[in-house]
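One structure below.
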Amino acid sequence: MDEHEGATRVQEAARHSLDESARRRQALTVVAWFGAMVIGAVLGNLHIAQLDELFTFIATVFTRLFQFVAVPVIALAVITTLATLGARRETGRIFGHAILYTLSTTFAAALVALSLFILIAPENVPATGGSTIPEKLGRLSYYEHLLSVIPNNILQPFVSGNVLSVLLIASAAGLALAFMPRTENRETLVRVIAGLQELLFFLIRALLTILPVGILAFTAQLVAEIRAGVIVGALGQYVAVVIGSNLLQFFVIIPLFLLARHLNPITVFRGMSPALAVAFFSKSSAGTLPVTMASAEDNLHLDRRVTRFVLPICTTINMNGCAAFILVTSLFLMQNAGIHITAGTMCVWLFVAVLAAIGNAGVPMGCYFLTLSLMSSMNVPVDLMGVILPIYAIIDMIETGVNVWSDSSVAAMTDHDLRGKLPLAAMPGME
């Protein structure tokens with residue numbers, strides 16, 4: 001008995017030491033990120049053309065690297081998870097929790113945005129000043145947007161980075177593997193896919209070690225863009241509604257969701273801070289997905305069966321920031337077009353914005369393009385989108401941060417709800 005107690009104490013001490021070491025490394029990493037942001041802000045404000053070009057190059061390199069691994073990560077994560085859990089009841093439980101929290105947070109984001117729109121009541125813009133948008137975008141219809149999700153060959157979605165199409169293909173392949181007879185070929189294929197997934201995660205963790213360099217470049221690039229001038233003027237009230245609703249969602253609404261599930265928002269935020277930093281600067285929740293998954297597993301220690309199923313799905317359907325932007329921008333454009341906005345119109349667009357956001361692609365300016373499609377399909381003048389365009393770079397950064405913060409929280413809440421309720425059987429590559 002004494003020997004058993006002694007062994008238990010040794011194990012607890014070792015675990016405590018590992019946890020303390022992990023917390024120390026995480027704290028040092030956060031210090032490095034903030035240090036990189038400060039240095040980047042200072043260097044970006046020096047007005048040195050050569051430095052600006054260098055930082056733009058480095059930022060582009062990091063963006064390309066994360067985009068390079070993002071689509072394969074989505075496909076492999078969904079395939080391996082469904083191949084292992086697809087024929088089991090727990091798959092439906094994980095999916096059900098993810099959908100419930102996704103719809104709840106997205107609806108809350110749209111409701112907050114609508115409340116601010118009513119409260120601030122932005123005035124109409126006197127004139128568009130001849131600002132234009134790309135001609136092709138003005139002719140897009142919402143049906144064309146939906147049709148682009150349906151793949152007509154297996155390679156095109158991966159080449160073009162169409163996240164929703166990739167998700168459809170991966171889900172079909174994963175479910176097929178789940179219900180296939182357990183032959184030797186099937187098991188070999190699953191092991192190969194799992195091995196490729198682990199290879200990608202090793203590459204992602206290597207990228208995270210040099211992330212401070214990327215944050216420095218992203219920050220310097222942002223400061224240089226802001227220094228170049230951002231149009232607000234008559235759009236100040238509109239911008240206040242969009243950004244204000246996103247900040248309320250980030251700092252108030254989502255933490256309340258976490259607290260309701262007895263989760264500490266500060267702990268979740270600290271663990272997901274690498275992903276939030278990348279999301280803010282990359283303006284792509286899909287491109288950030290590799291970092292989101294690595295942070296959730298390494299820092300928050302969430303179950304991989306949850307993270308590798310929930311996060312890819314959330315990246316494509318959980319768009320809190322996008323729902324707020326679509327709702328506010330659509331009402332703003334209709335108002336400027338002379339359309340009378342009634343309480344009924346607002347209620348209808350509350351639900352339209354939520355449903356449209358779910359179908360949005362997690363790529364830079366995805367919400368902007370989707371709003372254009374919606375307004376064009378209704379024959380609402382979209383010239384004002386040309387005036388919004390210079391401001392959207394900042395809006396997009398904040399929206400993406402909110403989207404990834406919501407994705408992370410949905411995964412954390414789903415993991416919390418199902419902790420200890422999933423079978424102990426491991427996924428391939430998790431041993």
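The values are calculated or read from the model by the stated rules, or taken from the named source; none is laboratory data. Not measured: the values here are computed from a predicted model. Backbone-built Cβ (ideal geometry, glycine too); neighbour counts: all protein chains shown.
Just checking, does segment 181-191 include any residue being part of a loop (DSSP other than H, G, I, E, B), under 27 Å from the mean Cα position of the chain (by Cα) and not β-branched (Val, Ile, Thr)?
From segment 181-191, those part of a loop (DSSP other than H, G, I, E, B) are 181-183; that's our starting set.
This time we only want the ones that are under 27 Å from the mean Cα position of the chain (by Cα), so: none.
Within segment 181-191, not a single residue is part of a loop (DSSP other than H, G, I, E, B), under 27 Å from the mean Cα position of the chain (by Cα) and not β-branched (Val, Ile, Thr).
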In segment 314-324, anything of a type outside the set (A, V, I, L, M) and not in a helix (DSSP H, G or I) is listed as ASN318
Counted residues in segment 250-264 being surrounded by fewer than 24 Cβ atoms within 10 Å (Cβ to Cβ) and either touching a residue at least 40 places away in the same chain (Cβ under 8 Å) or aromatic (Phe, Trp, Tyr) (or both) come to 8
Taking segment 189-218 and keeping only residues that are under 27 Å from GLY44 (Cα atoms), of a type in the set (Gly, Ala, Ser) and touching a residue at least 24 places away in the same chain (Cβ under 8 Å), one is left with GLY214, ALA217
Residue under evaluation THR307, criteria (1) under 30 Å from PHE117 (Cβ atoms); (2) in contact with an Asp or Glu (Cβ under 6 Å, 6 or more places away or on another chain), criterion not met
(1)
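If we keep just the residues of segment 150-170 that are assigned to a helix (DSSP H, G or I) and among the β-branched types (Val, Ile, Thr), which is modelled with the highest pLDDT? I'd like the intermediate steps shown before the answer.
So the first thing to find is which residues in segment 150-170 are assigned to a helix (DSSP H, G or I), and the list is 156-160, 163-170.
Then keep just the ones that are among the β-branched types (Val, Ile, Thr); that gives 159, 163, 166, 169.
On the way: VAL159: 80, VAL163: 68, VAL166: 82, ILE169: 88.
The selected residue is ILE169.
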Matching residues in segment 1-59 - criterion: being modelled with pLDDT of 60 or more, farther than 28 Å from LEU276 by Cβ and hydrophobic (A, V, I, L, M, F, W, C):
ILE48, ALA49
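Kindly check whether there is at least one residue in segment 222-236 that is in a helix (DSSP H, G or I), in contact with a helix residue (DSSP H, G or I) (Cβ under 6 Å, 6 or more places away or on another chain), at pLDDT 80 or above and buried (at least 16 other Cβ atoms within 10 Å of the Cβ).
Taking segment 222-236 as the starting set, the residues that turn out to be in a helix (DSSP H, G or I) are 222-227, 233-236.
Of the ones still in play, those that are also in contact with a helix residue (DSSP H, G or I) (Cβ under 6 Å, 6 or more places away or on another chain) are 223-224.
Those left that are additionally at pLDDT 80 or above: none.
Looking for residues that are in a helix (DSSP H, G or I), in contact with a helix residue (DSSP H, G or I) (Cβ under 6 Å, 6 or more places away or on another chain), at pLDDT 80 or above and buried (at least 16 other Cβ atoms within 10 Å of the Cβ), one finds none in segment 222-236, hence no.
Would you call LEU311 assigned to a helix (DSSP H, G or I), within 30 Å of HIS416 (Cα to Cα) and not polar (S, T, N, Q)? So that I can check it myself, show each step before the final result.
Details: assigned to a helix (DSSP H, G or I): yes; within 30 Å of HIS416 (Cα to Cα): yes; not polar (S, T, N, Q): yes.
Taking the combined requirement at face value, the residue satisfies it.
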Test of understanding: among LEU177, LEU155, LEU168, which residue is touching a residue at least 60 places away in the same chain (Cβ under 8 Å) and of a type in the set (A, V, I, L, M, F, W, C)?
LEU177
How many residues does segment 104-124 hold that are within 13 Å of LEU331 (Cα to Cα) and touching a Ser or Thr at 6+ places or on another chain (Cβ under 6 Å)?
2
When every residue in segment 267-308 that is in a helix (DSSP H, G or I) and among the polar types (S, T, N, Q) is compared, the one farthest from the chain's Cα centre (by Cα) is THR267
Which members of segment 331-345 meet the condition of being surrounded by fewer than 21 Cβ atoms within 10 Å (Cβ to Cβ), touching a residue at least 12 places away in the same chain (Cβ under 8 Å) and in contact with a helix residue (DSSP H, G or I) (Cβ under 9 Å, 6 or more places away or on another chain)?
MET334, ASN336, ALA337, ILE339, THR345
Of those in segment 376-405 that are surrounded by 18 or more Cβ atoms within 10 Å (Cβ to Cβ) and among the hydroxyl-bearing types (Ser, Thr, Tyr), the residue farthest from PRO312 (Cα to Cα) is SER376
